[in-house]
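Worksheet for the structure shown next.
The values are calculated or read from the model by the stated rules, or taken from the named source; none is laboratory data. No experiment lies behind these values; they were computed from the predicted model shown. Every residue, glycine as well, gets a Cβ built from its backbone with ideal geometry; the counts of neighbours run over all protein chains shown.
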Amino acid sequence: MRELPQHYGKFEKKNLETPQTIADKTNGKRYNSIMARDLYHDAVKRALQKEGWQITADPLKIPVEDTNFLIDLGAERLIAAELGSERIAVEIKVFGGVSLVADFHLALGQVLNYSLILREIDPNRKLWLAIPADTYQTFFHGRYPTRALAHIEVGMIVFNPNSEVIEQWI
């Protein structure tokens, strides 16, 4: 039997957003889903900052027809003065539900939607899925999920939530 990630089944209730708190923060605009701030949101944010990324949106709001999508983070990093900047969108996932496979299917559908939208609205922004290192080691490493993300052109950030560092960009 395979070992589950250390954080499996845990989430931080104090940071959960409700439809009302989202409406309060967005002047009543409608969003496509309840945004639950993932357990490791701040750890990923700090890890990106340690690597020189400037957080430009938390969350990154993408308007689509009569609604908006919320991607966890938008960030930018100067490449070189003459080359401009690199821009990314980061969706953070904990994979702490009842089933890792079910969590992956939900995440894959979500990032597929975000990827399609970004290609139309902001094609120079690269989408990344951030996952904890223990989830990568137990579920993603050398497996189908990594190939599926590559197929839809979504990168993967593997981060250590304790040290708040990015271990890999895949």
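Here is the figure for the range 81-124: residues that are touching a Ser or Thr at 6+ places or on another chain (Cβ under 7 Å) and either assigned to a helix (DSSP H, G or I) or free of Cβ contacts under 8 Å to residues at least 60 places away in the same chain (or both) total 0.
The residues of the range 64-80 that are out of contact with any Phe, Trp or Tyr (no Cβ under 7 Å at 6 or more places or on another chain), assigned to a strand (DSSP E or B) and within 15 Å of Gln110 (Cα to Cα), listed by number, are Val64, Leu73.
Let me confirm something: among Ala89, Ala107, which residue is surrounded by 15 or more Cβ atoms within 10 Å (Cβ to Cβ), in contact with a Phe, Trp or Tyr (Cβ under 8 Å, 6 or more places away or on another chain) and more than 15 Å from Leu48 (Cβ to Cβ)? Criteria check complete, one pass: Ala107. Taking the range 135-170 as the range and being in a helix (DSSP H, G or I), free of Cβ contacts under 8 Å to residues at least 40 places away in the same chain, surrounded by 17 or more Cβ atoms within 10 Å (Cβ to Cβ) and not hydroxyl-bearing (Ser, Thr, Tyr) as the test, only Phe140 passes. Of everything in the range 23-57 that is among the acidic types (Asp, Glu) and surrounded by 14 or more Cβ atoms within 10 Å (Cβ to Cβ), the residue that is modelled with the lowest pLDDT is Asp38.
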